[in-house]
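None of the figures in this text is laboratory data; all of them are computed from the coordinates on show. Note that this is a predicted model, so its numbers are computed, not measured. Every residue, glycine among them, receives a Cβ derived from its backbone with ideal geometry; neighbour counts consider all protein chains shown.
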Amino acid sequence: MDNQNTVGQQFKILNIIHAALCAGVIVILVLFRYLVKKETTTAENNVIFEIAGVVSAFLCVMSSRFLFFIRTKAALSVASLGEKINIFRGAFIVQMALLEGAAIINALFYLIGRNDLNFFVALGVMLLMLFRRPTRVMAAMVLFNPTEDLQQIYDDSLPL
């Protein structure tokens with residue numbers, strides 16, 4: 001039996017992807033904060049960066065959640081657990097990519113405009129990324145009909 005094809009291994013892979021995406025955003029935020037605080041010149045207050053950062057973060061957060069549920073809705077009509085987990089993985093990666101994009105956009109606006117609002121918006125989106133880790137409870141909620149056996153998502157050794 002191939003270890004890659006068990007439920008437990010698939011969730012380990014998802015958690016590694018989640019940790020890597022979050023770590024990338026954390027590194028960018030720490031680096032940009034250091035660069036901005038190290039520089040002694042002040043930038044002019046540019047309202048465009050503030051508005052664009054907040055709007056992009058709002059749109060990305062809302063669309064990430066919306067797309068996650070739209071993409072996982074297809075799993076309700078699929079019988080195979082392997083296909084359900086593949087759908088969940090794809091929806092989760094799209095959700096994380098949108099959140100990562102919003103955080104990086106605001107981090108770039110912070111680096112360019114030197115406005116703390118953009119930094120804290122990026123920090124908030126990064127915290128949202130941290131709290132939206134892939135859990136089996138979430139997978140059971142979005143992948144299964146009420147008539148299906150939810151316990152199969154919790155069995156680590158169940159082959160796909």
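Determine if the stretch 118-134 includes at least one residue that is among the small types (G, A, S) and out of contact with any helix residue (DSSP H, G or I) (no Cβ under 6 Å at 6 or more places or on another chain).
Yes: one or more hits.
Which condition breaks for T42 when tested against (1) surrounded by fewer than 18 Cβ atoms within 10 Å (Cβ to Cβ); (2) part of a helix (DSSP H, G or I)?
(2)
Any residue in the stretch 117-138 that's closer than 18 Å to F66 by Cα and touching a residue at least 12 places away in the same chain (Cβ under 8 Å): show its pairings with residues that are among the acidic types (D, E) and buried (at least 19 other Cβ atoms within 10 Å of the Cβ) at Cβ separation under 7 Å, as long as the two are six or more apart or on different chains.
M129/E100
So which of I48, I17 is in a helix (DSSP H, G or I) and either in contact with a Ser or Thr (Cβ under 9 Å, 6 or more places away or on another chain) or under 30 Å from L143 (Cβ atoms) (or both)?
I17
Hey, does the stretch 79-89 have a residue that's of a type in the set (F, W, Y), assigned to a helix (DSSP H, G or I) and surrounded by fewer than 18 Cβ atoms within 10 Å (Cβ to Cβ)?
To start, the set of residues in the stretch 79-89 that are of a type in the set (F, W, Y) comprises 88.
Pick out the ones that are also assigned to a helix (DSSP H, G or I) and you get 88.
Imposing the further condition that a residue be surrounded by fewer than 18 Cβ atoms within 10 Å (Cβ to Cβ) reduces the set to none.
No.
Within the stretch 92-135, can you find the residues that are surrounded by 18 or more Cβ atoms within 10 Å (Cβ to Cβ) and touching a His at 6+ places or on another chain (Cβ under 7 Å)?
Across the stretch 92-135, the qualifying residues are M96, P134.
Please specify each residue of the stretch 55-78 satisfying the condition of being surrounded by 13 or more Cβ atoms within 10 Å (Cβ to Cβ), more than 23 Å from G8 (Cβ to Cβ) and of a type in the set (G, A, S).
Result: S56, A57, S63, S64, A74.
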